[in-house]
Amino acid sequence: MNALMTAGPAALLPLLMLFPLAATIRQTWPGSERCKGVVSSAVSGASWLVPLIFIVPMCVGLMIVGQLSPLPQRAFASAAASHGPAIGLAVAIAVVIAELWLILTPAMVIMRFSNPAQRAAMRALIPLNLLLGGGFLAIILAVWP
């Protein structure tokens, strides 16, 4: 923990990565649209999804070329060894965010914003998203060194 305190401005990066993670969890969690408080909107509002335009494709691309492990603990260990524990923690959070967007979040967002009359027909999107995202991650894990 002391190493995180002496990292300087880089120690703020894991804290800043928690906001996009909170926004992703809010988009994924069923029923979270009822959370309309000021604090919950500030911490996990839709504006925190903007950095994901860069984070998710970067993580997926680095996973594909083998420079980033799809396992958060391995991603933390490799980034912490070369750049310090603060950057390692930020990278691990980025991997978790990317995996949530690969495995579950798109289906949950479609379910949330679909017409209530069509939601029953769209229930198959969740297992399909799990299958495709999980299959993609399984392939990457199979070929990852």
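The figures follow:
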| quantity | calculated |
| --- | --- |
| Test result for Ser69, open to solvent by 50 Å² or more (accessible area, probe 1.4 Å) and either within 20 Å of Leu13 (Cα to Cα) or among the β-branched types (Val, Ile, Thr) (or both) | no |
| Of residues in the stretch 100-128 being more than 17 Å from Pro57 (Cα to Cα) and not hydrophobic (A, V, I, L, M, F, W, C), the one most open to solvent (accessible area, probe 1.4 Å) | Arg123 |
| Helices (runs of 4 or more DSSP H) lying entirely in the stretch 1-49 (those with 3 or more residues that are more than 13 Å from the chain's Cα centre (by Cα) and at pLDDT below 75) | 2-5, 38-44 |
| Among (1) of a type outside the set (Asp, Glu); (2) more than 30 Å from Ala10 (Cα to Cα); (3) surrounded by 14 or more Cβ atoms within 10 Å (Cβ to Cβ) - the single one Ala138 does not satisfy | (3) |
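The values are calculated or read from the model by the stated rules, or taken from the named source; none is laboratory data. On a predicted model such as this, the values are computed, not experimentally measured, just so you know. All Cβ positions, even for glycine, are placed from backbone atoms using ideal geometry, and neighbour counts span all protein chains on display. In case anyone asks, the SASA skips ligands and DNA or RNA and just uses the protein heavy atoms, side chains included. Shrake-Rupley method; radii C 1.70, N 1.55, O 1.52, S 1.80 Å.
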